[in-house]
2 protein chains.
Amino acid sequence: MARKSFPLSKVYGLLEPGPVILLTTASSGRPNIMTMSWHTMIEFEPPLVGFVISNRNYSFGLLKATKECVINIPAVEIAEKVVGCGNTSGANVDKFERFGLTPKPAARIGAPLIEECFANLECRVADTSMVSKYCLFVVEVIKAWIDPKVKNPRTIHHLGSGNFMVAGEKIKLKSKMK
Amino acid sequence: MARKSFPLSKVYGLLEPGPVILLTTASSGRPNIMTMSWHTMIEFEPPLVGFVISNRNYSFGLLKATKECVINIPAVEIAEKVVGCGNTSGANVDKFERFGLTPKPAARIGAPLIEECFANLECRVADTSMVSKYCLFVVEVIKAWIDPKVKNPRTIHHLGSGNFMVAGEKIKLKSKMK
């Protein structure tokens, strides 16, 4: 895996379109993966991201304990693995092994990158004050990576009940928006 | 406009894919529109949505004061109007007039629906405790509408700097996920 460092100032453009993501966490060297769509950018730079993890998910406890995670962004080629990760629990399944995904060491945290994803965002939990009420974590992206071989990743976007929209054509409009 | 009532239990499927939305607010009968991508579902039912509005935006003050808004979801056909709304301020522009959009009365709140959008979610602010720190509002969707004539809306998803991804093909995978 020849990952390339990606500027933190451009991270919002990866998450703002709303792709399904794979969140990795790790405890005592045993990593886990969860599938998630409920996330939003909160600040451009340093990039802050808010996301919701149900407290019934195995990853909830891992994230609360370690305060570290990686947001990995998959493309459509591994959609079946993404759904598989969403339909199993890390409490009783090693999802890397079950779904043939490859954990790679992160640069700054203990949770692993997923090699099969085209982007990986190393995060530290920045604020847990909304966790008890909404299961909403605020994390800061402290290091970002992309796979430079992937030129036009077709992300997947969950419509509910296993229905996904796959990223289609791109259009450019004249805009002052960041 | 023959809007059809849409079940609150299915609202998550409209927002979870991450489309650009148009948020409408109103004060003293004068409505405004802002373009936004930083939103996430927080709860299925009643549907709670979290979104970030910069306190430099005109809509920030309107929403804080009235505690009501509509989340309108546009499709690609009006992408230029969406960008126009994102590049102007309600402080000095009547965006409905400028961009040829049509305000329609909501059922339960004062802010208007946008007729040219295929879905409209009437919302009340549910929690402002994260506004001072993150400009993050939590709203509850209290009434949802769709345009039954629009069968396959192609939403737009912001990649940054006026670049958008248009919703592409749909795929269905066997899943236990909601």
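The values are calculated or read from the model by the stated rules, or taken from the named source; none is laboratory data. Keep in mind that this is a model prediction, so the values were computed, not measured. Cβ atoms come from the backbone with ideal geometry, glycine included; neighbour counts cover every protein chain shown. Ligands, DNA and RNA are excluded from the accessible area calculation, which covers all protein heavy atoms including side chains. Shrake-Rupley method; radii C 1.70, N 1.55, O 1.52, S 1.80 Å.
Between residues in the range A:9-30 that are under 19 Å from A:ILE142 (Cβ atoms) and within 14 Å of another protein chain (Cβ to nearest Cβ) and residues that are open to solvent by 10 Å² or more (accessible area, probe 1.4 Å) and among the acidic types (Asp, Glu), which pairs lie under 6 Å by C-beta distance while being six or more apart or on different chains?
Matching pairs, first to second residue: A:SER9/A:GLU45.
Could you check the range A:148-167 and list, in sequence order, the residues that are open to solvent by less than 30 Å² (accessible area, probe 1.4 Å) and within 7 Å of chain B (Cβ to nearest Cβ)?
Going through the range A:148-167, the residues open to solvent by less than 30 Å² (accessible area, probe 1.4 Å) turn out to be A:155-158, A:160, A:162, A:164-167.
Within the range A:148-167, A:HIS157, A:HIS158, A:GLY160, A:GLY162, A:PHE164, A:MET165, A:VAL166, A:ALA167 meet the criteria.
Starting from residues that are without any contact (Cβ under 8 Å) to a residue 60 or more places away in the chain and in contact with a helix residue (DSSP H, G or I) (Cβ under 6 Å, 6 or more places away or on another chain), keep the ones in the range A:136-161 and report whichever is nearest to A:ALA119 (Cα to Cα).
So in the range A:136-161, the residues without any contact (Cβ under 8 Å) to a residue 60 or more places away in the chain come out as A:151-152, A:159-161.
Then drop every residue that is not in contact with a helix residue (DSSP H, G or I) (Cβ under 6 Å, 6 or more places away or on another chain), which leaves A:159-160.
Values: A:LEU159: 22, A:GLY160: 23 Å.
Of everything passing the filter in the range A:136-161, A:LEU159 is nearest to A:ALA119 (Cα to Cα).
Can you list the strands (runs of 3 or more DSSP E) found entirely within the range B:90-178 that contain at least 3 residues being over 15 Å from the mean Cα position of the chain (by Cα)? Walk me through it before giving the result.
Details: elements: B:119-127, B:136-146, B:156-160, B:163-172.
Here the list reads B:163-172.
Starting from residues that are in contact with a strand residue (DSSP E or B) (Cβ under 9 Å, 6 or more places away or on another chain) and of a type in the set (D, E, K, R), keep the ones in the range A:63-104 and report whichever is nearest to A:SER129 (Cα to Cα).
A:LYS64
Could you check how many residues of the range B:50-63 are in contact with a Ser or Thr (Cβ under 7 Å, 6 or more places away or on another chain) and more than 24 Å from A:VAL52 (Cα to Cα)?
3
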